[in-house]
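The values are calculated or read from the model by the stated rules, or taken from the named source; none is laboratory data. Because the structure is predicted, anything quoted here is derived from the model rather than measured. Glycine gets a Cβ as well: all are built from the backbone with ideal geometry, and neighbour counts include every protein chain shown. For the accessible areas, the whole protein counts, side chains as well, though only heavy atoms, and no ligand, DNA or RNA atoms are used. Shrake-Rupley method; radii C 1.70, N 1.55, O 1.52, S 1.80 Å.
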Amino acid sequence: MGLRRRPPLEALPVASGSLDEALVGENEGVFRVDGNLQALQTRFYDRTLLPVDETIPGPAVVFHLDTTTVVPPGWNATADASGNLILERKGAR
């Protein structure tokens, strides 16, 4: 068994655009709200262009090379500097 120091992690390249630059489209999406299906205007975003620490209100869909994230109505998403997409229910803290 060998031990050695691990090299430090490098900072991830982070886009510094705006939500408008990351927006790739908008259309109706169907979501269950209070037990009923509703067609709501839904924004579509490119994950690689999302600005860090800016709130993305749901309903929204975020596309990335290896995944798609749905942000339902009543939720927010925030991209962080580590490359995570954090979802929080509105009003929860």
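To the nearest 20 debye, what charge dipole does the chain have about its Cα centre, counting +1 at the Cβ of each Lys and Arg and -1 at the Cβ of each Asp and Glu?
Computed charge dipole of the chain: roughly 540 debye.
Considering only S18, T55, T42, whose Cα is most displaced toward the positive end of the charge dipole of the chain, charges sitting on Cβ of Lys, Arg (+1) and Asp, Glu (-1)?
T55
At a probe size of 1.4 Å, how large is the accessible area of D80, to the nearest 10 Å²?
In the full protein context, D80 sits at about 40 Å².
Using a simple spin-label model with points 7 Å from Cα along the Cα→Cβ vector, what separation in nm is obtained for V30 and T55?
Calculated label separation equals 3.0 nm.
If Lys and Arg each add +1 and Asp and Glu each add -1, what is the summed charge of the other residues whose beta carbon sits under 12 Å from the beta carbon of L50?
For residues surrounding L50, the net value is -4.
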